[in-house]
1. Could you grab me the full set of residues in region 408-419 that are open to solvent by 80 Å² or more (accessible area, probe 1.4 Å) and within 26 Å of Ile472 (Cα to Cα)?
2. Out of curiosity, is Arg103 over 22 Å from Tyr17 (Cβ atoms) and at pLDDT 95 or above?
3. Go through (1) in a loop (DSSP other than H, G, I, E, B); (2) open to solvent by 60 Å² or more (accessible area, probe 1.4 Å); (3) among the basic types (Lys, Arg) for Lys121 and report which single condition fails.
4. Looking at region 128-143, which of the residues that are open to solvent by less than 80 Å² (accessible area, probe 1.4 Å) and in a helix (DSSP H, G or I) is nearest to Ile255 (Cα to Cα)?
5. Quick one: what pairs do we get from region 206-220, first residue closer than 14 Å to Leu6 by Cβ, second open to solvent by less than 30 Å² (accessible area, probe 1.4 Å) and assigned to a helix (DSSP H, G or I), C-beta under 7 Å, 6+ apart or different chains?
6. Please determine whether any residue of region 171-178 is surrounded by fewer than 16 Cβ atoms within 10 Å (Cβ to Cβ), in a loop (DSSP other than H, G, I, E, B) and either over 25 Å from the mean Cα position of the chain (by Cα) or among the aliphatic types (A, V, I, L, M) (or both).
7. Name the residue that is farthest from Pro367 (Cα to Cα), counting only residues in region 391-419 that are free of Cβ contacts under 8 Å to residues at least 40 places away in the same chain, outside any strand (DSSP E or B) and not aliphatic (A, V, I, L, M).
8. I'd like the residue in region 245-259 that is of a type outside the set (Val, Ile, Thr) and part of a loop (DSSP other than H, G, I, E, B) and, out of all such residues, is most open to solvent (accessible area, probe 1.4 Å).
Amino acid sequence: MHQDHLLYQELKTPLDYFYHWEQEEPERTFLRQPYGSEWKTLSYAQAGQEARRLCAAMQAKGLRRGDHIGMLSKNCYHWILADLAIMMGGFVSVPYYASLPKRQLREVILKSDIRLLFVGKLETWGDKIEAVPAEVEIVRFPHYQGNAEVPQGEDWEALLAAYPPIEGQPRPALDDLWTILFTSGTTGSPKGVMHSFRNPALVIRGEQLSHFIGLFQISAARCFSFLPLNHVGERIGVETSCLAMGGSISFAESIDTFLQNLQDTQPTIFFAVPRIWTKFYQGVITRLPAGLLNVLLQVPLIAGFLRRRIRTALGLRDVEIAATGAAITPAYLKRWYRALGIHLIEAYGMTEVCGTIANSPQLNAPPDAVGTTMPFCQIKVHPRSGEVLLQAPYNMIGYYKDPVKTKEVLREGWIHSGDRGTMDEQGYLRIIGRVKDAFKTAKGLYILPNPMEEELARSQYIEQICIAGLGIKQPIALINLSDIGKTLSKDNLERELKKELDRLNKRLPNYQRIITLVIDTTTWTEANQLLTPTLKVRRGKLDDFYGKKYKSWEEAREAIVWI
């Protein structure tokens, strides 16, 4: 293992890496954007010219180094170009979740002091313009067919045509503010996490020295970007990593074309949240039941062909690094993908530690663990509360304009994660839920919902699950059905779910046994605020929606309730 002092030598920012490839291999493919069956590609040189013109346009508007620039768009190649231009000008990027409704968008915009907002590829726009203060200028990306029209602001292409590209290779200082990333607001109001340019540079340098994940050992860096680029996992794991490796980034045109775009790309690096991995799994077992698939994968003459066929159909034929994160991935999913020859690397971390701090690249990593501590970092579990504490060379600077919250979370160099966990003798970290997720029943006993949720989530009939029951004697389970579950008749579905509920309850102590399974026919989404933009369940919102009914559901003592 290299000495820690090497970590701080030869640090390069994401922009430094871009300049390297722009100069050394200008014709190398960098960005790939689908338009129907056609792909528009940009080389590093072409991307550099567009970004340089955009930087010149922003400077001509009177924007100065350190000014905050907002970005509101789904992933697309214009997002990356805008980010490069922001870095070239020494500005601070403040990207937002594209799915935010007006009220929440207004909240984060007001918190972030932006002077200009890029508005791009969006499902809806309409009244969101009301969230943008009058003094904030708008630049709109070229229109993406099938997405919302944005009539306000200046046109991207007209703006670029008006200015020659800046010259040279302007560079921010390592300790300049790079970005403000707003958390998804799982546990309350979003917080603006500040990171300097030093932090992504340290992340990449640590991987170069340790090869912990193996990014710089793969055959080619083909990335597919569809998780929100304003999320730290995508920003570091895809955009920054791709720039460091001189790779290419491909995008999805829409939800409907997602799988086709992924198949056309066949990436070597793919990062998805557990819900996406679950969707893939359910799509396969709908056609080939899990039991039969497991049997066929044991037959030598069939196994290799079948694995390749399934992986190609999923767009994962060439994947060398398959990462999962943003929420804890159930162990059964990791086992299933392992049978296909895909090792899911769990990425555990927070926006506050600039991405991940524990990973499971080891092929023999326990499937119920999120991994071991990354090189140059430290993790410890508080002996009394069980809270997981994190320390990385790239800890956040703090929360923007919120010193009180900063002091609450960042104490004596340690990030207090809010997660409850354990660490075994081999150094594998297991997350057993959020400290605040535990709730007390009317019996005065605490319930840790996450382990029970993981067990029930193994059901092919369940898409989302939340164990609840604050103030009643026994916990209940709120669920959304999967696509497979929706195909069954009501009687058959109830019969299958009762079997799975009975199997789980037999293994639980009496006070933990789930008394009722509540099938919610309202789909949990970002729009109704029951899911975060990273597709995690908002427990507090579900309690707000249904808490008054918990008592009556408990008293009815019905195994299955439909609402």
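1. Taking region 408-419 first, the residues open to solvent by 80 Å² or more (accessible area, probe 1.4 Å) are 408, 411-412.
Listed by number, the list is empty, since nothing qualifies.
2. Working: over 22 Å from Tyr17 (Cβ atoms): yes; at pLDDT 95 or above: no.
No; evaluated as a whole, the condition is false for this residue.
3. Just one mismatch for Lys121, condition (2).
4. At the first step, the residues of region 128-143 found to be open to solvent by less than 80 Å² (accessible area, probe 1.4 Å) are 128-129, 131-133, 136-142.
In the following step, the residues that additionally are in a helix (DSSP H, G or I) were identified as 128-129, 131.
Working: Lys128: 22, Ile129: 24, Ala131: 26 Å.
It comes out as Lys128.
5. Sorted first by the residue in region 206-220, then by its partner, the pairs are Gly206/Leu7; Glu207/Leu215; Leu209/Leu7.
6. As a first pass, look at region 171-178 and keep what is surrounded by fewer than 16 Cβ atoms within 10 Å (Cβ to Cβ): 173, 175.
Pick out the ones that are also in a loop (DSSP other than H, G, I, E, B) and you get 173, 175.
Right, trim to either over 25 Å from the mean Cα position of the chain (by Cα) or among the aliphatic types (A, V, I, L, M) (or both) and you get 173, 175.
Among the residues of region 171-178, at least one is surrounded by fewer than 16 Cβ atoms within 10 Å (Cβ to Cβ), in a loop (DSSP other than H, G, I, E, B) and either over 25 Å from the mean Cα position of the chain (by Cα) or among the aliphatic types (A, V, I, L, M) (or both), which makes the answer yes.
7. Pro403
8. Restricting attention to region 245-259, the residues satisfying the condition of being of a type outside the set (Val, Ile, Thr) are 245-248, 250-254, 256, 258-259.
Narrowing the set further to residues that are part of a loop (DSSP other than H, G, I, E, B) leaves 246-247, 252-254, 256.
Working: Gly246: 5, Gly247: 3, Ala252: 17, Glu253: 46, Ser254: 42, Asp256: 147 Å².
Among those that are of a type outside the set (Val, Ile, Thr) and part of a loop (DSSP other than H, G, I, E, B), it is Asp256.
The values are calculated or read from the model by the stated rules, or taken from the named source; none is laboratory data. Here the structure is a predicted model, which means the values were calculated and not measured. Here Cβ is always computed from backbone atoms with ideal geometry, including for glycine, and neighbour counts include all displayed protein chains. When the accessible area is computed, the model is the full protein with side chains, heavy atoms only, and any ligands, DNA or RNA have been set aside. Shrake-Rupley method; radii C 1.70, N 1.55, O 1.52, S 1.80 Å.
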